[in-house]
Amino acid sequence: MTMRSLLSNHSHYVETFQVFLKKSTEHQCMLDFIHKKLPQLISSISNGKTDINILSVGGGSGEIDLEILARLQSEYPGVIIHTDVIEPNAEQINSYKECVAKAPDLKNMKFTWHKETSLEYENRIMDSKEMGKWNFIHMIQMLYYVKDMPATIRFFHSLLEPGAKLLIIVVSGCSGWAKLWKKYGPRLPLNDLCLYISSADIEEMLDGSGLKYQTYELPSDMDITDCFTEGSKTGELLLDFLTETCNFSKTAPLDLKDELIEDLKKPEYGERRGCRGMMDVRTNHSHGLIPWQLRLFPSFLPSFLPSFLPSFLPSFLLSFLSLYFPV
């Protein structure tokens, strides 16, 4: 059988992602950031307006989006929040809508969903010449699935209102996950638009533009013990998610599978905690942790008014949170 990108089967992707969430503390890490750091970073995006426009690129099933919106609602009581969600997966959109329907307090919030990729959205907007402006744009764990990462970031950055912010989340360049991709990416499937990029690639692009930044870290971890149990369904799904490969255990050459699993046992990728195997999701310290790094960047806009470009960068099992602040 030929190896295929995980994105080639949306239902299987959702299944692997759910297992990843159960075995990691990634969402809790994001929630910590949303509750403790995000409020001060979004304190100026409304500019006194009675409406705020939010664009979620790759909004998934909506759990994290709704947490972000709750913080916005708390920060701007009484302000109407318009949220447009770009998401190509119909199952995820349905889950998102279910989350909205069950949410207890979504006063003054309006939602519009677009079943399309970020590129399809970009092409549609460019063709229509309706270049709407946004107060807050976030792109969480989706830049692996675009044809041109720099062009994608530039396009969405161009949609920011003065004082607005862009948030990006991707795997950290210092994480065990990024190390795994760097070593094995050339041997993993590159079809179906899966790019093995990390925060290091985004940082290189931003540094090339002369952008400055600061870093914050939030800890998180992931239990990969099941990856070492032959025949474990959970382990197979985790390996699929880690390699971004559909049915990796069944379709990967035996030498590739064995080598990768052996590497996951090494200190540069993870550690043992008693009888558990933990993936290394560090940035620069604390084995077995996933630091999320928050970077603050200036952005170059034609106007001299202050504006913010945030970017969230997750890490491998380390995740970076990066916020870029346009000047």
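The values are calculated or read from the model by the stated rules, or taken from the named source; none is laboratory data. Just so we're clear, the structure is a prediction, and the values are computed from it rather than from any experiment. Cβ sites come from the backbone with ideal geometry, for glycine too, and all protein chains shown count toward neighbours. The area values use the complete protein model at the heavy-atom level, side chains included, leaving out ligands, DNA and RNA. Shrake-Rupley method; radii C 1.70, N 1.55, O 1.52, S 1.80 Å.
Cβ-Cβ contacts under 8 Å between residues 6 or more apart (or on different chains), taken from a first residue in region 201-216 that is modelled with pLDDT of 55 or more and of a type in the set (D, E, K, R) to a second residue that is surrounded by 19 or more Cβ atoms within 10 Å (Cβ to Cβ) and in a loop (DSSP other than H, G, I, E, B), are listed as Asp201/Gly173; Glu203/Gly173. Pro162 falls short on exactly one of the conditions (1) modelled with pLDDT under 85; (2) more than 21 Å from Leu119 (Cβ to Cβ); (3) not basic (Lys, Arg), and that condition is (1).
Across region 145-177, the qualifying residues are those that are assigned to a strand (DSSP E or B) and out of contact with any helix residue (DSSP H, G or I) (no Cβ under 7 Å at 6 or more places or on another chain), and the one among them that is nearest to Ser199 (Cα to Cα) is Ile169.
Quick one: what pairs do we get from region 51-70, first residue assigned to a helix (DSSP H, G or I), second open to solvent by 10 Å² or more (accessible area, probe 1.4 Å) and aliphatic (A, V, I, L, M), C-beta under 7 Å, 6+ apart or different chains? Close Cβ pairs satisfying both conditions: Ile64/Ile140; Leu66/Ala103; Glu67/Leu31; Leu69/Met109.
Hey, any hits in region 14-33 for a residue that's outside any helix (DSSP H, G or I), at pLDDT 85 or above and of a type outside the set (A, V, I, L, M, F, W, C)? Spell out how you get there, then give the answer.
Initially, region 14-33 is screened for residues outside any helix (DSSP H, G or I), giving 24-25.
Then keep just the ones that are at pLDDT 85 or above; that gives 24.
Next, only the ones that are of a type outside the set (A, V, I, L, M, F, W, C) stay: 24.
Looking through region 14-33, at least one residue is outside any helix (DSSP H, G or I), at pLDDT 85 or above and of a type outside the set (A, V, I, L, M, F, W, C).
Here Lys110 passes the criteria (1) farther than 15 Å from Gly62 by Cα; (2) among the charged types (D, E, K, R); (3) part of a strand (DSSP E or B) except the one numbered (1).
Please verify whether region 91-103 includes one or more residues that are in contact with an Asp or Glu (Cβ under 9 Å, 6 or more places away or on another chain) and surrounded by 19 or more Cβ atoms within 10 Å (Cβ to Cβ). Checked against the condition, which is being in contact with an Asp or Glu (Cβ under 9 Å, 6 or more places away or on another chain) and surrounded by 19 or more Cβ atoms within 10 Å (Cβ to Cβ), region 91-103 yields at least one hit.
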